[in-house]
Amino acid sequence: MNISYLKTKLKTRNISIYKLSKLADLDDGMLNRIIKGKTTKPQMTTVVKIAKALDLNDHEFAELCGYRKDDEK
């Protein structure tokens, strides 16, 4: 999971970890552990809940998962 991307999304959308926990129906303590790098491989269901709560499109979801799409030329 791309933690820096998640942090950027939260900052640009002005969403706190607590607010994300409510939007995604996840424990805020678990989200804290993910963001601080203590949980390095969260379950895919957790990643999907985060993506849905942030209303990410397919490319943003791939970025959140740690995949980058090569620039098309």
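The values are calculated or read from the model by the stated rules, or taken from the named source; none is laboratory data. Remember, predicted model here, so these are calculated numbers, not experimental data. Neighbour counts are summed over all protein chains in view; Cβ atoms, including those assigned to glycine, are modelled from backbone coordinates with ideal geometry. When the accessible area is computed, the model is the full protein with side chains, heavy atoms only, and any ligands, DNA or RNA have been set aside. Shrake-Rupley method; radii C 1.70, N 1.55, O 1.52, S 1.80 Å.
Using the Cβ atoms and a cut-off under 15 Å, what net charge is assigned to the surroundings of Lys36, where Lys and Arg are +1 and Asp and Glu are -1?
On the way: positive: Lys7, Arg33, Lys38, Lys41; negative: Asp27, Asp28.
Once positives and negatives cancel, what remains is +2.
Could you state the per residue volume, in Å³, of the convex hull enclosing the Cα atoms of the chain? Walk me through the numbers before you get to the answer.
Values: hull volume 6.3 nm³, N = 73.
In the chain, the Cα hull volume divided by residue count equals 86 Å³.
Considering the dipole of the chain built from charges on the beta carbon (Lys and Arg +1, Asp and Glu -1) around the Cα centre, which of Ile3, Gly66, Met44 is farthest to its positive end?
The listed residue farthest towards the positive side: Ile3.
Note the count of lysine pairs whose C-alpha atoms are less than 17 angstrom apart in the chain, limited to pairs 8 or more residues apart or on different chains.
22
Output ³J(HN,Hα) for region 10-27: one whole-Hz value per residue in order, computed from phi by the Karplus curve 6.51 cos²θ - 1.76 cosθ + 1.60 with θ = phi - 60°, and x for Gly and Pro.
Per-residue couplings from phi come out as 5, 5, 5, 9, 6, 10, 7, 4, 4, 5, 4, 4, 6, 5, 9, 6, 10, 6 Hz.
For the chain, what does the helix formula give at 222 nm: sum of -39500 (n - 2.57) over DSSP H segments with n ≥ 4, over the residue count, nearest 500 deg cm²/dmol?
Working: 5 runs with 43 residues, N = 73.
When only DSSP H runs of four or more count, the value is -16500 deg cm²/dmol.
In nm, to one decimal, how far is the modelled label at Asn32 from the one at Lys19, with both set 7 Å along Cα→Cβ?
1.9 nm
Whole number in Å², please: accessible area per residue of the chain, 1.4 Å probe, ligands, DNA and RNA not counted. Display every interim value, and only then the final one.
Working: 5280 Å² over 73 residues.
Per-residue value: 72 Å².
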